[in-house]
Amino acid sequence: MKWFFLFFLVFIGFFYFFPNHIPPLSPPQPQKEHYLVEKKKTSVIMNLIGKTEEEVTKQFGQPMRTDDSAYDYKWWIYNRQPQTYLQLGMLNGRVVTAFICGEQIDVAPFRIGQPVRELFDRISLSPTIEVSLPTGTYRFELSEQDMTIQPLVRLNDIYAQLYIDHFTGRISSIRIMDAKTLVKLRPYELMYRGKLLSPRPLSLEEQKRVEMANARQIFEITNVIRKRYNVPPLSWHEKAAQAAYAHSEDMKENRYFSHHSPTYGDLKDRLLLAHIPFQIAGENIAAQYVDGIAAVEGWLNSKSHRDTLLSQQFTHLGVGVAGQYYTQDFLKPWKLSGK
């Protein structure tokens with residue numbers, strides 16, 4: 001039947017590792033010592049680690065919602081507008097991590113949108129970061145790719161992971177965290193002596209809540225990035241989200257990574273099977289990222305994924321997460337009211 005689609009697009013993705021063809025942005029020669037920033041030179045945001053819930057609410061008010069995470073903390077989501085998008089991770093009544101991608105948030109000594117060459121002129125980056133805790137010693141080894149698009153900077157007793165948009169050469173977002181959270185997250189190759197800190201195992205119900213939280217955050221961060229590049233925001237599409245989740249779960253359960261399911265076919269087949277009429281559709285997939293935040297930044301640094309994420313042709317988005325498998329299904333439906 002002709003009403004199913006006029007034109008169909010699927011952007012083939014890469015595996016979850018950052019694409020090997022990305023050239024370095026000429027970072028400085030690695031130094032033996034980490035870059036240290038005095039607290040008096042940092043912003044309120046950079047000094048949030050360790051603050052109490054009461055101090056946070058006094059500064060920012062109540063969050064719009066709270067989300068579960070796979071790393072023991074709960075995210076407090078401040079998403080009133082794209083320019084001030086902020087997530088704060090709370091554990092035992094205190095901030096242990098924060099994610100910032102709103103351009104109007106003061107994250108001195110850095111800033112969202114800061115040219116990376118300006119960053120490299122001001123700081124010395126090391127490919128080796130060592131963390132000492134009572135439980136042991138942990139050494140993170142950053143690859144050349146890591147140094148180029150997700151370097152790690154030590155700021156006294158906290159750590160800042162800088163997500164770099166390789167295509168613009170600017171800071172896209174920043175994740176700050178304390179030492180224990182960094183070890184639990186393990187975003188880089190890790191060697192250690194002592195006890196390996198790990199988040200507690202999740203129940204099936206908790207895992208489902210984490211997956212739903214990651215899906216919602218991916219949707220919101222995608223719209224923050226689209227706003228940054230003057231692309232209209234996407235509307236949530238529930239049926240597409242269900243189809244995206246089904247594909248993520250299928251990949252997880254059957255241990256494959258592809259837009260084409262051996263059982264359910266390609267994106268076109270899967271959307272039609274879900275009774276979703278569309279004019280145009282596209283898909284991003286990712287696997288083994290630590291969370292939805294990292295998955296979005298990974299897509300942004302891959303040409304085909306980026307084209308999909310920033311395409312003006314799409315009006316709706318459904319996101320599905322199963323474990324560490326992530327799927328975005330983009331649409332321009334035939335009926336905009338049909339979700």
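Being of a type outside the set (A, V, I, L, M, F, W, C), under 29 Å from ASP146 (Cα atoms) and either open to solvent by less than 10 Å² (accessible area, probe 1.4 Å) or outside any helix (DSSP H, G or I) (or both) is the filter here; which residues of the range 298-317 pass it? Explain how you work it out, then say what you get.
Let us first name the residues in the range 298-317 that are of a type outside the set (A, V, I, L, M, F, W, C), namely 298, 301-308, 311-313, 315-316.
If we keep only those that are under 29 Å from ASP146 (Cα atoms) too, we end up with 298, 301-308, 311.
The answer is GLY298, ASN301, SER302, HIS305, THR308, SER311.
Just checking, which of ALA286, ALA295 is touching a residue at least 40 places away in the same chain (Cβ under 8 Å), assigned to a helix (DSSP H, G or I) and within 17 Å of the chain's Cα centre (by Cα)? Steps first, answer last, please.
Working: ALA286 fails: assigned to a helix (DSSP H, G or I).
Residue meeting the stated conditions: ALA295.
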Cβ pairs under 6 Å, 6+ apart or interchain, first in the range 48-61 and surrounded by fewer than 14 Cβ atoms within 10 Å (Cβ to Cβ), second of a type in the set (D, E, K, R), ordered by first then second residue, are GLY50/ARG94; THR52/ARG94
Among residues of the range 76-104 being in contact with a helix residue (DSSP H, G or I) (Cβ under 6 Å, 6 or more places away or on another chain) and open to solvent by 20 Å² or more (accessible area, probe 1.4 Å), the residue farthest from PRO233 (Cα to Cα) is GLY93
Scanning the range 273-283 for residues that are touching a strand residue (DSSP E or B) at 6+ places or on another chain (Cβ under 9 Å) and not in a strand (DSSP E or B), the one surrounded by the most Cβ atoms within 10 Å (Cβ to Cβ) turns out to be ILE276
Among strands (runs of 3 or more DSSP E) entirely within the range 155-266, at least 1 residues that are farther than 29 Å from ARG117 by Cβ occur in 189-194
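Regarding the range 245-265, can at least one residue be identified that is in contact with a Cys (Cβ under 8 Å, 6 or more places away or on another chain) and open to solvent by less than 50 Å² (accessible area, probe 1.4 Å)? Show your work before the answer.
Residues of the range 245-265 that are in contact with a Cys (Cβ under 8 Å, 6 or more places away or on another chain), as a first pass: none.
Among the residues of the range 245-265, not one is in contact with a Cys (Cβ under 8 Å, 6 or more places away or on another chain) and open to solvent by less than 50 Å² (accessible area, probe 1.4 Å), which makes the answer no.
Hey, among the residues in the range 155-172 that are in contact with a strand residue (DSSP E or B) (Cβ under 7 Å, 6 or more places away or on another chain) and either surrounded by fewer than 19 Cβ atoms within 10 Å (Cβ to Cβ) or of a type in the set (Gly, Ala, Ser) (or both), which one's nearest to ILE100 (Cα to Cα)? Talk me through it step by step, then tell me what you get.
To start, the set of residues in the range 155-172 that are in contact with a strand residue (DSSP E or B) (Cβ under 7 Å, 6 or more places away or on another chain) comprises 158-165, 169-172.
The next check asks that each one be either surrounded by fewer than 19 Cβ atoms within 10 Å (Cβ to Cβ) or of a type in the set (Gly, Ala, Ser) (or both); those that pass are 160, 169-170, 172.
Values: ALA160: 11, GLY169: 18, ARG170: 14, SER172: 9 Å.
Looking at the filtered set, the residue picked out is SER172.
Which of the residues spanning the range 259-272 are touching a residue at least 24 places away in the same chain (Cβ under 8 Å) and of a type outside the set (Asp, Glu)? Outline the logic, then answer.
Step one: list which residues in the range 259-272 are touching a residue at least 24 places away in the same chain (Cβ under 8 Å), which gives 259, 266-268, 270-272.
HIS259, LEU267, LYS268, ARG270, LEU271, LEU272, listed by residue number.
The values are calculated or read from the model by the stated rules, or taken from the named source; none is laboratory data. Remember, it's a predicted structure, so these values are computed and weren't measured experimentally. Note that we place each Cβ from the backbone using ideal geometry, even for glycine, and neighbour counts take in every protein chain shown. SASA here: full protein model, heavy atoms, side chains in, ligands and nucleic acids out. Shrake-Rupley method; radii C 1.70, N 1.55, O 1.52, S 1.80 Å.
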